[in-house]
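Here's the structure, in structure tokens; my notes come after.
The values are calculated or read from the model by the stated rules, or taken from the named source; none is laboratory data. Remember, it's a predicted structure, so these values are computed and weren't measured experimentally. These area figures cover heavy atoms from the full protein model, side chains too; ligands, DNA and RNA do not enter into them. Shrake-Rupley method; radii C 1.70, N 1.55, O 1.52, S 1.80 Å.
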Amino acid sequence: TRLVIGANCIVREGARIERGTELGGGATQIGDSALIMAGAYIGHDSQIAESVVVANNVSLSGHCALHRGCVIGGHAALHQHVRVGAFAMVGGMTAVRKDVLPYTVVSGHSPTLRCLNFHRLWPNLGFAGRRTALHIFQFLCKAGAGQDMAVDLPFPQIPKNASFMERLDAIRAMD
């Protein structure tokens, strides 16, 4: 079994990284340019992609997968087999038990999908793409149905009781 750490990684004092296990694939891997801050714990057989930031005292159980550019806030804990999508953010002191979608922000005592990670998403999209992304996010999260939405959409609202096809047609009509 082994531990593979990529180039230009920074692993700060007190961080603990477990090597892989025979039954779990044999390797724990950390991609290039990752930052593992003080006191972080990375469990066996975890896969961490390039440019990931793991803040102070974060605890990753075994078999976690952190995709490119994601950020895990201080004192957060990830359950076994949790995947965090590319450029997603997990807030500090959040206990994550389920996968986190790419380009989203999750935080809170009971993890709540807060909004899109605009800082990373916007440079990759034009105006029409941004508008579509916001509406798709609103549709998927059913804004106002228990989700804390930190996004005020400046575009026409789609009725909450609309069918999928009605929502899709409304988004298309805006272009």
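Odds and ends about this structure:
- Of all DSSP-defined beta bridges confined to the stretch 1-156, some 10% are antiparallel rather than parallel.
- Ranked from largest to smallest solvent-accessible area, with a 1.4 Å probe on the protein heavy atoms, Leu121, Leu60, Leu140 come out as Leu140, Leu121, Leu60.
- Residue-normalised accessible area of the stretch 1-137, expressed per residue, 1.4 Å probe, Å²: 50 Å²
- Normalised size of the stretch 1-156, defined as Cα radius of gyration per 2.2 N^0.38 Å with N residues, equals 1.09.
- The stretch 31-88 - percent of accessible surface contributed by carbon and sulfur, probe 1.4 Å: 51 percent
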